[in-house]
Amino acid sequence: MKKVYFIVAATLLFLSCGKNADPIPNVGVDFEASTTDPRLLALNTAGGVVLINGYGVAGLIIYREPDGSYAAYDRCSSYKPENKCAVTLDASHLTVTDPCSGSKFSLFDGTPVKGPATVSLRTYYVSVSNYEIFVSN
């Protein structure tokens with residue numbers, strides 16, 4: 001009887017090791033800059049957004065939410081992330097578009113608002129302290 005329980009437990013364990021829900025590769029992110037950095041001037045107002053290259057898989061998106069808090073995402077599209085296609089900012093500054101597939105993602109929460117993507121952009125932690133902004137995972 002113990003063998004049956006072991007086999008069932010082992011089978012469940014192997015079945016639970018399916019695909020990762022986040023298809024974007026996990027790379028270390030440790031971005032830090034002064035809030036007065038000229039690259040971040042757009043973040044001085046709610047709805048402001050900046051694109052930062054050289055971090056994450058395809059760069060970072062930092063968005064100043066209407067309530068004054070911040071959100072940060074990887075620019076790598078979640079649709080076929082192996083292509084490392086960097087999303088671009090739309091004119092509305094409310095969405096970003098994957099130029100490779102046409103998928104659109106909301107800057108409010110990173111979710112896809114137009115397919116073929118079905119998975120959100122990878123999010124990062126953001127904190128602000130003493131006029132410094134930190135983005136990490």
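Kindly provide log₁₀ I(q)/I(0) values, in the same order as q = 0.12, 0.24, 0.27 Å⁻¹, from the Debye equation applied to equal alpha-carbon scatterers of segment 61-137. Once normalised to I(0) and log-transformed, intensities are -0.32, -1.07, -1.26.
Which of the chymotrypsin sites (Phe, Trp or Tyr not before Pro) found in segment 72-137 are in a DSSP loop and have at most 14 neighbouring Cβ atoms, other than their own, within 10 Å?
Sites meeting the loop and neighbour criteria: 108, 131.
On a per residue basis, segment 96-137 carries 52 Å² of accessible surface, using protein heavy atoms and a 1.4 Å probe.
The values are calculated or read from the model by the stated rules, or taken from the named source; none is laboratory data. In this text, all values refer to a predicted model and were calculated from it rather than measured experimentally. Cβ sites come from the backbone with ideal geometry, for glycine too, and all protein chains shown count toward neighbours. Accessible surface is based on the protein model in full, side chains and every heavy atom, while ligands, DNA and RNA are left aside. Shrake-Rupley method; radii C 1.70, N 1.55, O 1.52, S 1.80 Å.
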